[in-house]
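Worksheet: one structure, shown below.
The values are calculated or read from the model by the stated rules, or taken from the named source; none is laboratory data. Note that the structure is a prediction, hence the values are computed from the model and not measured. Cβ: placed from backbone, ideal geometry, glycine included. Neighbour counts: every protein chain shown. Protein only, heavy atoms only, side chains kept; ligands, DNA and RNA dropped before computing areas. Shrake-Rupley method; radii C 1.70, N 1.55, O 1.52, S 1.80 Å.
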Amino acid sequence: MTDELAAARLLPTAECVARTRELLTRVEIAASPEAWAQLASAALRAGLREDAADAAAEGLARDGDHEVLLELLLRARGELETPTIARTWQMGAGELLAVVREHVVVADGGRVELWTTAGVRTRMIDVGATVTCLAARDEQVVVGTAAGDLHVWDVDSGEVTVLETPLAQTDDQRLRGFDAGFGFALGGGDPLQYPELMAELAPRKLALTHVSLSSRLVAGNARHVMWWEQDRFLGEIEDSPRLLGGAGHEAIVARAHDLVALEYDRSDPTHVFVQGSIRTLHVRDGLVLAGCEDGRILRFAGRTELDPLVGHEAPVTAIACGGDLIVSASEDGSLRWWLDGHAIARAHAEVCAVAVTEAGAVVTAPGDGTLVVWTSERVHARRLSPQLEVMPEAGTPFVVELAAPRTMVGRLFDCDVRLDDPRVASEHFEIVRERDRYRLHDRGTLVGTWLDRVRVMEDRWLLDGDEIEIVNFRFVFRR
């Protein structure tokens, strides 16, 4: 019977619903909550909301996976969570966003800034020209400019490397060059006698329009798609990418009428994902998300097409993902959260850019110079463990998962969080897990440990958002 259920899952949605319902009538599997979850999911895909709600309720009555079945029931009834705005702050333009660890990277004119989701700016560089595209991965931020330059910023070391970018002619330069050449041919003149004209027609760096960072760095302008490996330029092909992402050694390129994969040493696509116009594109860790004019979000894991995300009623204008969470925005102001291919929450907001941290914090830019941080109880409850945000006075902030029963902070090499400062004690403080609660314990230090600006004289229970301070280090407990 399990094999028959698996086979039914591969059928078209309407046939899947009918076949699964038929199988559920058999006595030997009628008590299986997983089977009822499958029926509810198939019914939802077929648009049969009442059937889906009935199946999900039946699964819950049989002590099935509460989270999965409750999500299906809420979706069937149209009862999605409405996330709340946790924080809003004014910072400038902020229409280009990326994520480094748990920090948001924001472009504002020629500046690139690193912010915590608490609204604290921790780093900034100035690239000397208007930033036109932005990408980040691990500790690196890649910045493309209107001047055609490509900057790689290592946020840990603070080092900025400017990569070599090839020269090219614009369409206008080519047309003017053709006209000038034709005129010289008719008149018998020598173009070298007109140095100003020759300078105007000389190849130059074109403004970069897209950049993406995976195992290779990929960038695009109006005429080319280009590849780098570390700081070495690999090559380019002539193309006019409307949208661009990187997956492994390939560039995922949305063109006028298709979405394809390209390699730097091949002129033909290595793979065609889909025919048709794509409105927005997001590629991360091999997952390709393509937002369409009809409101669908196409999903590809490598070359494999997954079920599309269906829920928006207007063209999709922004997509981002972090971990297993996907967030999307559409032209009509609809903002949606997705987990495991299902919508779990929705809100209404003007959004021109969106970013998602690995911990599930969602940051949106409305385009009015503000950044908005959203929180979702469903995403929050899905976290495996609380986190400790570590913010040194000098150095890059980072996040520690509090997954172990005991997390030690101090100067020793074997501490879970090692702080290289002579004023920090060898073992300064620890956070101890007791069932679902977390306790802060100072190890008897001379300089002390401070919780919300009060010195810790005895153990204290930690709450979400509590701030811990020692010497020049600040920590925020998140759960």
Query raised in the report: Regarding residue 369, is this residue open to solvent by less than 10 Å² (accessible area, probe 1.4 Å) and touching a Ser or Thr at 6+ places or on another chain (Cβ under 7 Å)?
Result: no
Report summary line: Over segment 117-137, the set of residues within 15 Å of the chain's Cα centre (by Cα) and either more than 19 Å from residue 319 (Cα to Cα) or in a loop (DSSP other than H, G, I, E, B) (or both) is 117
Requested in this report: Taking the options 288, 327, 272, 316, name whichever one is among the hydrophobic types (A, V, I, L, M, F, W, C) and open to solvent by 40 Å² or more (accessible area, probe 1.4 Å).
Outcome: 272
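Residue by residue, here is whether (1) at pLDDT below 90; (2) closer than 24 Å to residue 206 by Cβ holds:
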{"site": "101", "(1), (2)": "yes, no"}
{"site": "106", "(1), (2)": "no, no"}
{"site": "112", "(1), (2)": "no, yes"}
{"site": "118", "(1), (2)": "yes, no"}
{"site": "122", "(1), (2)": "yes, no"}
{"site": "125", "(1), (2)": "no, yes"}
{"site": "130", "(1), (2)": "no, yes"}
{"site": "141", "(1), (2)": "no, yes"}
Query raised in the report: Of the residues 397, 405, which is at pLDDT below 90, more than 18 Å from residue 101 (Cα to Cα) and out of contact with any Leu (no Cβ under 8 Å at 6 or more places or on another chain)?
Result: 405
Report task. Filter segment 15-69 for residues that are open to solvent by 60 Å² or more (accessible area, probe 1.4 Å), hydroxyl-bearing (Ser, Thr, Tyr) and modelled with pLDDT of 65 or more and give the result. Result -> none
**Report entry** Residues being open to solvent by 20 Å² or more (accessible area, probe 1.4 Å) and closer than 16 Å to residue 355 by Cα - total across segment 118-138
**Finding:** 6
Query raised in the report: Among the residues of segment 88-98 satisfying the criterion of being within 19 Å of the chain's Cα centre (by Cα) and either open to solvent by 20 Å² or more (accessible area, probe 1.4 Å) or modelled with pLDDT of 90 or more (or both), which is nearest to residue 388 (Cα to Cα)?
Result: 97
Query raised in the report: Among 307, 332, which is the only one that is open to solvent by 10 Å² or more (accessible area, probe 1.4 Å), of a type in the set (Asp, Glu) and part of a strand (DSSP E or B)?
Result: 307
Report summary line: When residue 409 is run through (1) touching a strand residue (DSSP E or B) at 6+ places or on another chain (Cβ under 9 Å); (2) of a type in the set (A, V, I, L, M, F, W, C); (3) open to solvent by 60 Å² or more (accessible area, probe 1.4 Å); (4) over 13 Å from residue 387 (Cα atoms), the failure sits at (3)
Query raised in the report: Could you say which residue among 467, 389 is out of contact with any Ser or Thr (no Cβ under 6 Å at 6 or more places or on another chain) and in contact (Cβ under 8 Å) with a residue 60 or more places away in the chain?
Result: 389
**Report entry** Condition broken by residue 351, with the remaining ones in (1) of a type in the set (A, V, I, L, M, F, W, C); (2) assigned to a strand (DSSP E or B); (3) open to solvent by 10 Å² or more (accessible area, probe 1.4 Å) satisfied
**Finding:** (2)
Query raised in the report: Could we say that residue 240 is within 18 Å of the chain's Cα centre (by Cα), in a loop (DSSP other than H, G, I, E, B) and at negative phi here?
Result: no
Report task. Residue by residue through segment 422-455, note down the ones that are part of a loop (DSSP other than H, G, I, E, B), of a type outside the set (Ser, Thr, Tyr), open to solvent by less than 80 Å² (accessible area, probe 1.4 Å) and modelled with pLDDT of 90 or more. Result -> 424, 425, 427, 428, 444, 447, 448
Query raised in the report: Does residue 389 satisfy being surrounded by fewer than 18 Cβ atoms within 10 Å (Cβ to Cβ) and either modelled with pLDDT under 95 or farther than 25 Å from residue 158 by Cα (or both)?
Result: no
